[in-house]
Amino acid sequence: METERPPYEPHLGESRPYWRDIILGVNDGLVSMFLLVAGVVGGGLSVDQVLLTGVAGALAGAISMATGEWLATKSQEEVLDREVELERDHIKWYRKEETEQLYDMLGELGLRDDVLEAAVDQIGASDEAMIESMKRLEFGVVDDDRRSPWTAAIYSGLLFVAGSLPSVLPFVFVASAATGLWWAAALAGTALFGVGVAKTKATGTNPWVAGVENLSVSLLGGVLSFGVGRLFGVNVG
């Protein structure tokens, strides 16, 4: 009996290169801001002081994330551009060596004998075909997966701010720092679990496992941060 075909599932498309920035930005905001809040509450700061620290930390973190991601992505793209230009020179001046390298790489993909020979002849007949093949096979570069530094920076910075909100907002409404910390833990924990579940849209992994994993790592960090803050506050006091 023929198995029924599953529904067609489209690829992620243009958002695929930026899932790293999406997850890193929101997760870093959720984790680092909760750790900061837990640390300063453990150190004995008042509600107003915790709120000021949280707002300052969120702004500083967002700017740091955005500028850092812009510089890192721009540098990576420049490295790739340089590698492609160098490959053009290699193809111009060392075509025989590059062709032999192409034989090896296509052979590793499983092409053999006449099929391999025909593929190398076809690709080797065009400089652009050689360059495009080398970009994919030697450098792992696919143009559709190249990243814009500005897009990466915007994702990282804005999502860091979004991730900061669950840990900072409770201190706007509460009178006790301890109460604010409980609310921050509940909201940040819920958001962390949600992010773990949401990322399975891209990874295809188990959403419950991903959610618990994301939450557990951050919970452990929060406990350690609170303990360090408490220890520091007691010693300084």
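The values are calculated or read from the model by the stated rules, or taken from the named source; none is laboratory data. This structure is a prediction, so every number in the text was calculated from the model and none was measured. Heads up, the Cβs are rebuilt from the backbone with ideal geometry, glycines too, and the neighbour counts pull from every protein chain shown.
Being in contact with a helix residue (DSSP H, G or I) (Cβ under 8 Å, 6 or more places away or on another chain), surrounded by 15 or more Cβ atoms within 10 Å (Cβ to Cβ), under 15 Å from Ser167 (Cα atoms) and at pLDDT below 85 is the requirement here; does Phe226 meet it?
Values: in contact with a helix residue (DSSP H, G or I) (Cβ under 8 Å, 6 or more places away or on another chain): yes; surrounded by 15 or more Cβ atoms within 10 Å (Cβ to Cβ): yes; under 15 Å from Ser167 (Cα atoms): yes; at pLDDT below 85: yes.
In short, yes.
So Glu83 clears everything in (1) closer than 30 Å to Asp21 by Cα; (2) modelled with pLDDT of 95 or more; (3) not aromatic (Phe, Trp, Tyr) except one condition, right? Which one?
(2)
Out of Thr73, Thr99, Thr67, report the one residue that is among the polar types (S, T, N, Q) and under 30 Å from Val172 (Cα atoms).
Working: Thr73 fails: under 30 Å from Val172 (Cα atoms); Thr99 fails: under 30 Å from Val172 (Cα atoms).
Just a single option satisfies the conditions, and that option is Thr67.
Mind checking which residues of region 144-180 are of a type outside the set (Val, Ile, Thr), within 17 Å of Leu30 (Cα to Cα) and out of contact with any Phe, Trp or Tyr (no Cβ under 8 Å at 6 or more places or on another chain)? Show your work before the answer.
Initial filter on region 144-180 (of a type outside the set (Val, Ile, Thr)): 144-150, 152-153, 155-160, 162-167, 169-171, 173, 175-178, 180.
Those left that are additionally within 17 Å of Leu30 (Cα to Cα): 155-160, 162-167, 169-171, 180.
The answer is Ser156, Gly157, Leu158, Leu159, Phe160, Ala162, Gly163, Ser164, Leu165, Leu169, Phe171.
Out of (1) surrounded by 13 or more Cβ atoms within 10 Å (Cβ to Cβ); (2) within 16 Å of the chain's Cα centre (by Cα); (3) not small (Gly, Ala, Ser), what's the single condition that is false for Val47?
Single failed check for Val47: (2).
Does Gln49 meet the test of being touching a residue at least 40 places away in the same chain (Cβ under 8 Å) and of a type in the set (S, T, N, Q)? Lay out the reasoning, then the answer.
Numbers: touching a residue at least 40 places away in the same chain (Cβ under 8 Å): no; of a type in the set (S, T, N, Q): yes.
Judged against the criteria, Gln49 is not a match.
Test Val174 against the stated conditions and say whether it is modelled with pLDDT of 90 or more, out of contact with any His (no Cβ under 6 Å at 6 or more places or on another chain) and either exposed (fewer than 13 other Cβ atoms within 10 Å of the Cβ) or farther than 23 Å from Arg20 by Cβ (or both).
On the way: modelled with pLDDT of 90 or more: yes; out of contact with any His (no Cβ under 6 Å at 6 or more places or on another chain): yes; either exposed (fewer than 13 other Cβ atoms within 10 Å of the Cβ) or farther than 23 Å from Arg20 by Cβ (or both): yes.
It is true that Val174 is modelled with pLDDT of 90 or more, out of contact with any His (no Cβ under 6 Å at 6 or more places or on another chain) and either exposed (fewer than 13 other Cβ atoms within 10 Å of the Cβ) or farther than 23 Å from Arg20 by Cβ (or both).
Yes or no: region 174-187 includes at least one residue that is closer than 25 Å to Glu69 by Cα and either assigned to a helix (DSSP H, G or I) or within 19 Å of the chain's Cα centre (by Cα) (or both). Don't jump to the end; show me each part of the working.
Looking only at region 174-187, we keep the residues that are closer than 25 Å to Glu69 by Cα, and these are none.
Checked region 174-187: no residue is closer than 25 Å to Glu69 by Cα and either assigned to a helix (DSSP H, G or I) or within 19 Å of the chain's Cα centre (by Cα) (or both).
Give Val172, Val141 a once-over and let me know the one that is in contact with a Leu (Cβ under 7 Å, 6 or more places away or on another chain), under 22 Å from Leu80 (Cα atoms) and aliphatic (A, V, I, L, M). Walk me through it before giving the result.
Details: Val172 fails: under 22 Å from Leu80 (Cα atoms).
From the options Val172, Val141, the qualifying one is Val141.
Test each condition in (1) among the hydroxyl-bearing types (Ser, Thr, Tyr); (2) touching a Phe, Trp or Tyr at 6+ places or on another chain (Cβ under 8 Å); (3) free of Cβ contacts under 8 Å to residues at least 24 places away in the same chain for Thr203 and report the one that comes out false.
(2)
Is there a residue in region 60-78 that is in a helix (DSSP H, G or I), of a type in the set (Phe, Trp, Tyr) and surrounded by 12 or more Cβ atoms within 10 Å (Cβ to Cβ)?
Just the residues of region 60-78 that are in a helix (DSSP H, G or I), to begin with: 60-78.
Those left that are additionally of a type in the set (Phe, Trp, Tyr): 70.
Now drop any that are not surrounded by 12 or more Cβ atoms within 10 Å (Cβ to Cβ), which leaves 70.
Scanning region 60-78, I find at least one residue that is in a helix (DSSP H, G or I), of a type in the set (Phe, Trp, Tyr) and surrounded by 12 or more Cβ atoms within 10 Å (Cβ to Cβ), so the answer is yes.
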